[in-house]
Amino acid sequence: MKIAIAGLANSGKTTIFNALTGLNLETTIYPTVTAEPHHGVVKVPDRRIDRLSEIYQPKKTTYATVEYVDYIGLTKGDMEQNRKVFDLVKDADAIVHVVRGFPEEAVSHPLGSVDPLRDAETIEMEMVFGDLELVGKRLERMELGQKRGKKPDESEHRLLLKCKELLESEKPLRDADFSEDDRKAMRHLQFMSIKPEVVVLNVAEQDVNAAATKKTVSDLQALFKGRQVKVLSMCGKIEMEIAQLSPGDAKAFLDDLGIQEPALNKLIRVSYDLLGLISFLTYGEDEVRAWTIEKGMNAQQAAGRIHSDIERGFIRAEIVSYDDFIAGGGSIHAAREKGHFKLEGKTYEVKDGDMINFRFNV
């Protein structure tokens, strides 16, 4: 799973990226228009994996992961410059849209002032206009092909016209009611405004719990109402400082602030959930591991995430939910005695937190 970090220049994108990855990339006080993209793979925090590792003491513990990519900021009205960013964003599964909420005079703002609602809408419109340009070029190629005697794909043509109408009314494609077949047909087009999005309001340290911050979050939620968008607030600067600390020092720092966990943990989990992903768990002395699957996958499909041989030779899945396992004292034997241990066939729909042992024969 790849997630692109987008936003206007100097919104704190790289600070958020540093916080997520634990890296220490340089941040600037002026907009940057040329740079290489930065990639970082981040573990999805999962207390279930932590607890199972305490119980089994495995040789290896493996968390689900998310890849984040940071690039230069988008620029209002500069399609040529923005296309560089869109080329990166188009193959991402989702977007973390960083919106500036901190009033720091030393860090210039490309639009001259801090206005989160204006900035959020600006980025949305730039993605809409980028998609509209893509649709226009696609339709133009179809028209040229038709003049040369090549019959256009009628279903794609109708879909493009529908997208064009929506985009010309300045609506992102994620607002539209597309069928599952339409969505499959659109995948190769790699539209940006259809991607799930996490909007992160990046605020100053003193404003983390301020009433004004809560009001702005509420206003952003209203702006994106009905869309596949989640809105969070955090102080990227604090989160980056926490990420640079050792686990012990980070815990002490959080305790001093009265915070249970970094806000970044929530961002990672929300990114994961937004894409309709869940984790099933495997366990034992060799390894405790979270495996990423899409919601709705059946047991045989989930087995294929581990190995194609397990999927092909699937016999049954031995399953206990994590909650039942812990409630039974963290013992498979106790789970069996209490009737929480189930044997399921190929068509069983795997649930988030299912602890599974696959039986197979090849």
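Partner lysines whose Cα lies under 23 Å from the Cα of LYS346, excluding those fewer than 8 positions away in the same chain, are identified as LYS295.
Most exposed first by the Cβ proxy, i.e. fewest other Cβ within 10 Å, how do VAL107, VAL85, VAL199 rank? Walk me through the numbers before you get to the answer.
Details: VAL107 17, VAL85 22, VAL199 25.
Going from least to most buried by this count: VAL107, VAL85, VAL199.
Nearest 5 percent is fine: what portion of the DSSP beta bridges confined to the chain is antiparallel? Percent antiparallel among DSSP bridges in the chain is about 50.
Using a Förster distance of 22 angstrom, determine the FRET efficiency expected from the C-beta separation of GLN206 and ASN265, and round it to 0.05. It comes to 0.50. Look at LYS214, LYS13 and count the other Cβ atoms within 10 Å of each Cβ; fewest to most, that gives LYS214, LYS13.
Rounded if a/c is under 1.5, else prolate if a/b beats b/c, else oblate: with a ≥ b ≥ c from the C-alpha gyration tensor eigenvalues square-rooted, which is segment 1-153? It comes out oblate by the Cα gyration axes. Computed over neighbours whose Cβ is under 12 Å from that of PRO172, the net charge equals -3, Lys and Arg +1, Asp and Glu -1.
Anisotropy class assigned to segment 176-255 is oblate, per the alpha carbon gyration tensor with a/c at or over the 1.5 cut-off and a/b no larger than b/c. This structure gives mean projected area of the Cα convex hull in nm², computed directly, and of [x] 20.9; [y] 22.2; [z] 26.2 that value is listed as [y].
Counting every other Cβ atom within 10 Å of each residue's Cβ, ASP354, ASP182 order from fewest to most as ASP182, ASP354. Charge tally for MET297 (other residues, Cβ to Cβ under 9 Å; Lys, Arg +1; Asp, Glu -1): 0.
Seen through its C-alpha gyration tensor, with square-root eigenvalues sorted a ≥ b ≥ c, segment 296-360 comes out prolate because a/c lies at 1.5 or above while a/b is bigger than b/c.
Every read-out reported here was derived from the displayed coordinates using simple, explicitly stated rules and does not represent laboratory data. What you are looking at is a predicted structure, and each value in this text was computed from that prediction instead of being measured. A quick note on method: Cβ atoms are made from the backbone with ideal geometry, for glycine too, and the neighbour counts reach across all protein chains shown.
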